[in-house]
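We did not get these values from a lab; they are worked out from the coordinates using the rules stated. Everything numeric here is computed off the predicted structure, so don't read it as measured data. Methodologically, a virtual Cβ is constructed for each residue, glycine included, from the backbone with ideal geometry; neighbour enumeration extends over all protein chains shown.
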Amino acid sequence: MNKSSLYKGCLEPIVLQLLQTHRRMYGYEITQTVKEITKGELQITEGALYPLLHRLEAQGLLEAEMQLADNRMRKYYSLTKAGKEKTKCAIGELQVFMQTLEHLIHLKLT
Amino acid sequence: MLTKEQIDYLFDFCKAQGVKYYDVQVELVDHLANAIEKELAQHSDWSFQKALDVVFASFGYVNFKPLVREKQKAIQAYCWRLWGAFFKEQLRRPAMWAVFGLFLLGYRILSMRYQDLSFNICITSGILIVFVLFAGNYRLKGLEKRKGKSFLVTNPTGLLALLAYLNIAIGYAKLRIPGHVTWLNIFLAGTLNFAYFLLCVAYYRTVKQVEKEVKRDYPDIFKLT
């Protein structure tokens, strides 16, 4: 099975959690941080990341701030109050999902 | 660090790949520039163009149009949300209910004068829609024209389409109301027009909010205004 399809459903909580930890990040930084943390195991494609960021921003979970960096404008994302609440829920749901998955896998092996 | 010429080239590259909106270009250019800088640091023998080709290939797109479409959907959703919020907020304002009263009174006066309720109502809502749509569009298009940049966020076409559709639908509903004037007819027509009036005002406030956000988010473009 394609690894990226396994991670696909977890992308939103991953991004939310990263923003919770780092306070504010820009798109490229998110892709590189995930790559670094997972030692290249998970590589978020730009085609998946930006639509997600724009959707979360439109839902009011993220707020964006433009800032001049080097010789270009950079868009930083951070969590709104609603985004912080959503992160808690999303991480909780992800943990339940992982536990369920672990039970299922354990059941299959025994 | 990339030079200003290379950054300008990336803006042109984005345009050539189907991104005409500045608010989408800015983010893509920064992403491309970061990735290119990393590639050039790792492969000192690579040219800028080769690094750009490699980075662009990693997006997995033939061009950037799918990304623009996705952002367009998100922006539309955001504008709907703003519009809905402004509409609800107005329903809580006592001043708006005073306006409703004025609407009813206005219709009563008009119908006494012309004895043709449907005609008067259609004229009133027609003037409203023309005024609001033109004022909103003028505001946003003027903003783009002054700065020579196009913004995706200032093109909430879905809202305009719904307003236009509602005007036709409400106009049709009002024409079904019998021509003779009774207080019930006036109330029905007034309520329809009032709801539509609120939607138009909410649309205009959405436009104003979008304009404010664009000015706040892109100080490099709007620093002189």
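Okay, here's what the table says:
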item	result
For A:64-76, mean number of other protein chain Cβ atoms within 10 Å	6
Cβ neighbours within 10 Å from other chains - mean over A:45-52	6
Ordering of B:39-49, B:135-145, A:21-31 by packing [mean C-beta count within 10 Å, highest first]	A:21-31, B:135-145, B:39-49
Mean Cβ neighbour count within 10 Å, used as a protection proxy, ranking A:51-61, B:81-91 highest first	A:51-61, B:81-91
Inter-centroid distance (Cα atoms) of the stretch B:31-108 relative to the stretch A:70-102, Å	19 Å
Neighbouring partner chain Cβ atoms per residue of B:1-7, average, 10 Å criterion	2
Relative contact order (percent, whole number), the stretch A:35-110, Cα cutoff 8 Å, 6+ residue spacing	18 percent
Least to most buried among A:Glu12, A:Glu85, B:Glu5 (fewest other Cβ within 10 Å first)	B:Glu5, A:Glu85, A:Glu12
